[in-house]
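Structure first, commentary second.
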């Protein structure tokens, strides 16, 4: 045992220990310098399948600091997660409550296509700039209720995957399109997303620098009883106290403080816990600060019920001679997974006045809800 | 003081000379006691002519090597102006009788040493005792003479003398580290001291002490060994195809044999450099007992502690280690040799937290390791044809590794015994049989990464392994060694038992005195680690892993000191224990399951692994003995593994990647995919040379080139919105280890100067590591978002001065 664990421990711990010496050279967590999805929001954060509104809206904030003008292709895949099953599109479990052994119905290709389109949404933005936001609506089928009853669940923790790609970077999107178009040469629906590792399938052949995949959890309840069901809300933000530090000549270091305030009623809700839930009844919200230059310290800050409703982070950067446009992003997430986000813009130069304002965001449009059930 | 002595001596010599001239001038009689007093001898046949009574005395003494004080044998000692001459015996002693009294000039000479001429005043009838030190000439090497115990039956065995090994640059003077420069050995990151031999995993190779496996041989970071190499007779490096004396491993072996006796007068040394200091004393008690005591303590923690936090940004308990050994040799009669060794070793290292943070004081990572052993060896040679060796070993280990909230703590207790008989059954047959048995009390406590659960295990494991080997010489040029070993392993409490039958065969052919060819084949088995088969966390149904090793090779001497040898090898491994692979869901998904659902069963260890390693080794060596020694070692290897001997398509399908089935590249469609082994290094070239420059100066260098280790980069990543964390994704087609780190190469230099005094010597040395400051990448890691690879470099240019004083 000694050799095994000794080697494993040495190879794990020593590099980590040595690496600490270079920590200052690692890109800070607040820095957005790659093609990334920064946030995914599900509206509402909880959904009850017994309710009248079984439609969720999934929105995502995508950052591309290179400011590409080309199209963005994306897909949103909603999955329920039960019994530890890997995949998320198991039709039998969804439509036949008695079938809890995961035997599958013999759906025709057309039927499966309809089923498929319930949970897999495709979209496209013709241009995106430095960041973009897009939406998709998904209506959960009423059959989920039967499934949950069969399992005895009052709630299911589900997931939604959002894939965003530069045009042509993600082969899976072309395959999905071909399948939906009925192309006989396309992979079948089962091959596409049935009982597979969704992340592996979605990113197959997609280069990291041209694609981004994000995962978000959300709760599917049989029936919602709480009256409050809001995502948290960033109420206000402000870039203040920009000062010029002269201690780093010849480079000038500027230091700005960014303040974020939340709406406590929406962001720090108190709600009745589900008997099955292990979630907190008193929410805690975390705000994450991002920027496309410099470093924001701290990267995260927390809001508590009895704490201040404003939190600040300091942006340190060394601007060049010419004023530089810097995007700032705030992502707020509460303890049950509710999300809010916004993007800001600052123009900061070595000696120029800082100009700030809402960042122009390319926004996609949501598709019409697909059929709810089959 | 010296000048006063010289003056007194000058006057004394003058007085003696005057006295001596009186009889020479014609004085026919002297008192029997002569001018010097004392009894003289009457020698009628002396130079004084017949009838002249001549006064004589006796001169006896010892001749020792300056610096080491080792007795010198065969030294010619003659009395000037006479024909009296003698030689020293093995103890360095000489005796000259009937030496004419008066001024005697002793001339002392031995090839390789500076001659000495000593003027003495000998009184008639007296016995003059002399102790003379001879200084080695510039081209004379200080050699540590050791006995070689047994004839080797191994097909490929590289033995390096302790002294030779200590002069290799890059080893910090630690002879045991020299094996990392020999053929078959791949380079280990950070030179950690583990063995990666002929494409085998570090877990498959091991260190032995007198044939008994020991858990660790090196202190952390592999800077130095945990046992003083000066206690050793030889370092035996067996990369493969070894005899059935050794088992329970599939890879290579390094066996350390203790010196039988630490002869001579009391010797000792202090060796110090910027990292640690070693102190050793050895000597004999009477004619039957000898002893050696050694201790070493590092102090790099003291040296660097004030700077460490600023340097790395973390509060650390810097690595510190110490070890100590007590060795006793006892030779009750010429046929029996008894050795006792008690040793202990300790290492500790911890990262406490970020400098200045409130977490300082609570380790974020901690490694500590201690072990102790008591080893008793009794060797009896009953006759030229029958010998018996019994080795007993016992001791506890303690290993503790913690990283964050995960930790592993193991406190096993080892007992081991080897009972071996060697019998000559005629002029051409020799049989070796024995029992190699171990009993281990395993005890561990593990908290696995990603879980909140800890597992405790405790059980006794028994492993008696009998072996029998025959060495047959059907003709003078042919030698056949065939043996059978049965490795067994029982852990009753866990219901685990396994047996591996291991036949082995080696054939040697010596067509001439300077050439030898060999071929070998054999099976080698290895039992799973206890953490792999304990029921709570492992799989009690695991089988032992097995390897079939094949080798052909040869050796040719190209002169007295030059030789070349090479081997081709192939190793086929099966039933390798493979790590449990998590399902293709994110680990956090397991915790999103409803509370009444335990989720899918986590997979356990399996025997699905297969491996193969093949390659060639070459060693061109100029042996130790003259001014220049060194070697060129080259190893060409390819080592591969597969965890499922099925086609890529099947693997993808089994992994529930149906979508990807349609996208399997054509070249993979029908092929079983073999991934490169984690430490596969296609080429390893080592050049080692040391040269005696004369006047006690020596200089050496080592150049090493090794292909970079394979790595598996992430192909993409998943951003987990809820935690703001990232999960890596890997290309399912490319498999593991499809990229490589850049090659490693570095030059180390060593220069040393020895200052020899009568009773002791001092060596000052300077090692220059990585002379041309190659930024070698030792390993790498991803930052939080897997967005780039971050490299961790090896040692920069590093001068390491050291001193060694020995008496």
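Shown is the FRET efficiency for residue B:766 and residue B:131, computed with R0 = 30 Å from the Cβ-Cβ distance and rounded to the nearest 0.05: 0.30. From other protein chains only, count the Cβ atoms within 10 Å of every residue's Cβ in A:208-220, then give the mean. Partner-chain Cβ atoms within 10 Å, mean over residues of A:208-220: 4. Judged by the mean number of other Cβ atoms found within 10 Å, the most tightly packed of the peptides B:374-381, B:231-238 leads the ranking B:231-238, B:374-381. The relative contact order of the stretch B:158-253 comes to 32 percent, based on Cα pairs under 8 Å that sit 6 or more residues apart. Between residue B:91 and residue B:798, what's the calculated FRET efficiency when r is the beta-carbon distance and R0 is 41 Å? Round to 0.05. The pair residue B:91/residue B:798 has a calculated efficiency of 0.40.
In terms of packing, defined here as the mean over residues of other Cβ atoms within 10 angstrom, the peptides B:676-689, B:94-107 line up highest first as B:676-689, B:94-107. Potential lengthening of the chain between residue B:380 and residue B:550 amounts to 57.8 nm, from the contour at 0.36 nm per residue minus the alpha-carbon distance.
Here the peptides B:524-530, B:626-632 are ranked by packing, the mean other Cβ count within 10 Å, and the order with the highest first is B:524-530, B:626-632.
Here the spin labels are modelled as points 7 Å beyond Cα on the Cα-Cβ line, and at residue B:105 and residue A:109 they lie 11.5 nm apart.
Placing a pseudo-label 7 Å from each Cα along the Cα-to-Cβ vector at residue A:236 and residue B:788 gives an inter-label distance of 3.8 nm.
Estimated from the Cβ-Cβ distance and a Förster radius of 41 angstrom, the FRET efficiency linking residue B:281 and residue B:73 is about 0.95. The mean count of C-beta atoms from other chains within 10 Å of the C-beta of residues in B:719-731, rounded to a whole number, is 6. Can you give me the C-alpha center-to-center distance between the stretch A:31-66 and the stretch B:468-516, rounded to a whole angstrom? Cα centroid to Cα centroid, the span is 66 Å.
Label-to-label distance for residue B:118 and residue A:178 is 9.7 nm, based on points extended 7 Å past Cα in the beta-carbon direction. Counting, for every residue in B:101-108, the Cβ atoms of other protein chains within 10 Å of its Cβ and taking the mean gives 0. Find the centroid of the Cα atoms in the stretch B:277-293 and in the stretch B:83-102, then give the distance between the two in whole Å. One Cα centre to the other: 30 Å. Stretching residue A:347 away from residue A:253 to a fully extended chain increases their span by 32.4 nm, per 0.36 nm per residue minus the current alpha-carbon distance. Between residue B:515 and residue B:693, the contour length at 0.36 nm per residue exceeds the Cα-Cα span by 60.9 nm.
Read-outs: derived from the displayed coordinates by stated rules, not from any lab. What you see is a predicted model, and the numbers here were worked out from it, not measured in a lab. Cβ: placed from backbone, ideal geometry, glycine included. Neighbour counts: every protein chain shown.
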